[in-house]
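The values are calculated or read from the model by the stated rules, or taken from the named source; none is laboratory data. Keep in mind that this is a model prediction, so the values were computed, not measured. Note that we place each Cβ from the backbone using ideal geometry, even for glycine, and neighbour counts take in every protein chain shown.
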Amino acid sequence: MDANTAQQAAREGKSLSGQDFSNADLRDIDLSGADLSGCNFREANLSGANLSECNMQNCDLRRANLSDANLMNADLTGAKFRRANLTGSIRFGAKIKTYALKGAYITGEVAYQD
């Protein structure tokens, strides 16, 4: 699924659960509020993406670029972040377990729930 199709589906309230976005260029995409549970974002470029309020449970985000992505109030329970770039993206309200961030690249202030 390409970025335009995904963004349109999210606007229409359709579930994107389980989709394969590996290696996709999703820079600056707005998927706010979407059901992205179980999606594969491995090595995807999500820099600047709006992922606020998303259900991202059990997503594969290994080696993904999430720099400056908006993860406000996103549910990232069970997500895999090994070698993901989270520079500037972990903001207050993102539901994430601290052990899930092992091996991720993070700089700046980090605020999360444990």
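Observations on the structure shown:
- There is at least one residue in the range 85-93 that is out of contact with any helix residue (DSSP H, G or I) (no Cβ under 9 Å at 6 or more places or on another chain), at pLDDT below 95 and surrounded by fewer than 16 Cβ atoms within 10 Å (Cβ to Cβ).
For (1) surrounded by fewer than 17 Cβ atoms within 10 Å (Cβ to Cβ); (2) touching a Ser or Thr at 6+ places or on another chain (Cβ under 8 Å), each residue gets a yes or a no:
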site: 4; (1), (2): yes, no
site: 12; (1), (2): yes, no
site: 26; (1), (2): no, no
site: 31; (1), (2): no, no
site: 35; (1), (2): no, yes
site: 41; (1), (2): no, yes
site: 48; (1), (2): no, yes
site: 54; (1), (2): no, yes
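- Any pair with Cβ under 6 angstrom, 6 or more apart, that starts in the range 1-28 at a residue that is without any contact (Cβ under 8 Å) to a residue 40 or more places away in the chain and ends at one that is polar (S, T, N, Q): 1/19; 17/37; 20/40; 22/40; 25/45; 27/45; 27/47
- For the range 1-31, the tally of residues that are farther than 23 Å from residue 62 by Cβ and part of a loop (DSSP other than H, G, I, E, B) stands at 3.
- All of 66, 76, 16 fail the test of being modelled with pLDDT of 90 or more, out of contact with any Asp or Glu (no Cβ under 7 Å at 6 or more places or on another chain) and either within 21 Å of residue 5 (Cβ to Cβ) or among the aliphatic types (A, V, I, L, M) (or both), apart from 66.
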